[in-house]
Every structure is written in C-alpha cells, then in structure tokens.
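Only one structure is covered here, and it is reproduced in the block below.
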Amino acid sequence: MIGPEVIERHGCIKALETLDRVLEEKPEQHHEEVVGVLRCLVAMRDHLILERRGRGPSPDLDEHLDHVNAVVSVMTSGSFPVVGLKHDRLKQARDLMAGIIGAARRG
C-alpha cells in the first residue's frame with residue numbers, strides 16, 4: 001500500500017497544501033502548482049503498480065489503485081479542461097479506433 005515514506009518522498013503533503021491554496025485563491029494561472037500535484041498522484045499510482053506486479057493482485061491493492069487512478073483522472077480533467085474540439089485529433093483518434101475494431105473483427 002501507500003506508506004508514509006512514499007508520501008514524504010514525493011512531496012505529497014506539500015502538493016495537497018498547494019492544491020488547498022489553489023482552491024482557496026482560485027488564481028487564473030496555476031499550471032505549475034497543478035503539475036506538482038499530478039506528479040505526486042502519478043508517483044503514488046506508479047508505486048501501487050510496482051507493488052501489484054511484485055506481489056500480485058489483491059482486493060485492497062486493486063481498490064487503492066482504482067482510487068488513485070480516479071483521482072488522477074479527476075485532477076487532470078479539472079486542471080486541463082477541453083476548450084473546443086480539436087478536429088484533427090478527433091479524426092486521428094477515429095482512424096486509430098477504426099483500425100483496432102477492424103483488426104478485432106478479422107480476429
């Protein structure tokens with residue numbers, strides 16, 4: 001699981017305090033602060049992945065990993081919102097998806 005050494009090593013307490021400050025002050029620009037929070041979350045996720053690979057899946061470990069992944073997703077969507085659609089990227093994603101579906105159908 002995630003122990004205090006992981007939290008300390010990756011500056012997660014400071015990251016949480018930074019996030020509290022960002023939420024309180026609501027600055028227009030907070031990219032650097034958010035990146036620090038995401039680094040902490042990703043470090044926690046990576047730690048859990050390594051632990052899972054080392055000792056195998058377990059309900060508790062999987063639950064922690066799912067939780068951290070959910071927080072990473074919410075944090076990312078809250079800090080890097082989509083502004084408009086990038087049609088060229090949508091087209092690229094559509095083409096890649098079509099390739100995956102086509103390969104799956106061919107078996």
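The values are calculated or read from the model by the stated rules, or taken from the named source; none is laboratory data. Predicted, not measured: the structure shown is a model, and the values here were computed from it. Backbone-built Cβ (ideal geometry, glycine too); neighbour counts: all protein chains shown.
Numbers for the structure displayed
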{"quantity": "Some residue of segment 62-77 being at pLDDT below 90, more than 14 Å from M1 (Cα to Cα) and outside any helix (DSSP H, G or I)", "calculated": "no"}
{"quantity": "Matching option when the condition is assigned to a helix (DSSP H, G or I), charged (D, E, K, R), surrounded by 11 or more Cβ atoms within 10 Å (Cβ to Cβ) and modelled with pLDDT under 85, among R21, R39", "calculated": "R21"}
{"quantity": "Pairs with Cβ under 6 Å, 6+ apart, first in segment 33-59 and under 19 Å from R9 (Cβ atoms), second part of a loop (DSSP other than H, G, I, E, B) and β-branched (V, I, T)", "calculated": "M44/I2"}
{"quantity": "In segment 78-107, residue modelled with the highest pLDDT [restricted to those that are outside any helix (DSSP H, G or I) and closer than 27 Å to V35 by Cβ]", "calculated": "F80"}
